[in-house]
Amino acid sequence: VRSVFPAGGVRVTLSIPDGEERAQKTLNARLGVLGGLSILGTTGIVRPISHKAWTDTLDVALDVALAAGCDQVIGCTGRSSEKAAQAALPDLAEEAFVMMGDHVGYLAEACHRKGVPRLTIAAQFAKLVKIACGHRQTHVRSSELDLRELAAWAAALGLDASLVRTIAGANTAREVFLTLGPRHPLVTDVARRALAQLRDWSAGVRIAILLVGYDGEVIGFE
């Protein structure tokens, strides 16, 4: 390039047609990037996001939410949970909704550290079971152990022995949820246990849960 262009260098401006409109489909605004798309990286190869990249992103998202005047943050495990939470809480600013992925424990601690007054976790039942079991990171590992724990809770509630066996033998927590229905006492017990874990991790932050059903229905617990 130096052999072709004259001395003094060249200033290059990169632009994306309709970038501002396309950016509305991204998380840029929640991270404080306004007015267009981000152009990142040098190779164009997308690599799996690291744990630190996730947690750094959560810190930025919380900072943006607080700067936008939000007194409540909605931590969402995925797109389905986010869409359901946005429909249930239409008056909240976009910045209040934080995509936390599996990093629920970190988000709860970060809310305490940064002074977020209220945290609501929007999650489907399978993730809620993991939170109730004390998993700060809700990846799919330990599913079999989680179902055994769920069966033990069912037995402690005095539920029918055949139902306890069904829960213990289920393949997934989703299967259990579809068998029980959203208003079942065991579902409420799981939410209660999850609330206790979240309160322990967040140390004083006001906690609530939005349980998102697999058809998009939402049930709140506090």
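The values are calculated or read from the model by the stated rules, or taken from the named source; none is laboratory data. Keep in mind it's a predicted model, so treat the numbers as computed, not measured. Please note: Cβ atoms are built from the backbone with ideal geometry, for glycine as well, and neighbour counts cover all protein chains shown.
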Cβ-Cβ under 6 Å pairs, at least 6 apart or on other chains, segment 44-71 side within 13 Å of residue 100 (Cβ to Cβ) and modelled with pLDDT under 95, far side assigned to a helix (DSSP H, G or I) and of a type in the set (Lys, Arg): 61/30
Among 116, 140, the single one that is in contact with a strand residue (DSSP E or B) (Cβ under 7 Å, 6 or more places away or on another chain) and of a type in the set (Val, Ile, Thr) is 116
Against the condition in a loop (DSSP other than H, G, I, E, B) and within 24 Å of residue 104 (Cβ to Cβ), how does residue 140 come out, does it pass? yes
Residue count for segment 103-141, restricted to those that are more than 23 Å from residue 219 (Cα to Cα) and in contact with a His (Cβ under 7 Å, 6 or more places away or on another chain): 0
Is there a residue in segment 76-88 that is in a helix (DSSP H, G or I) and modelled with pLDDT under 75? no
From the list 199, 118, 141, which residue is modelled with pLDDT under 95 and of a type in the set (D, E, K, R)? 141
Report every pair of residues separated by at least 6 positions or lying on different chains whose Cβ atoms are under 7 Å apart, first residue within segment 198-217 and of a type in the set (Phe, Trp, Tyr), second crowded, with 21+ Cβ neighbours inside 10 Å and in a helix (DSSP H, G or I). 201/108
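For (1) crowded, with 19+ Cβ neighbours inside 10 Å; (2) among the basic types (Lys, Arg); (3) out of contact with any strand residue (DSSP E or B) (no Cβ under 7 Å at 6 or more places or on another chain), each residue gets a yes or a no:
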position: 68; (1), (2), (3): no, no, yes
position: 84; (1), (2), (3): yes, no, no
position: 93; (1), (2), (3): no, no, yes
position: 103; (1), (2), (3): yes, no, yes
position: 107; (1), (2), (3): yes, no, no
position: 124; (1), (2), (3): yes, no, no
position: 127; (1), (2), (3): yes, yes, yes
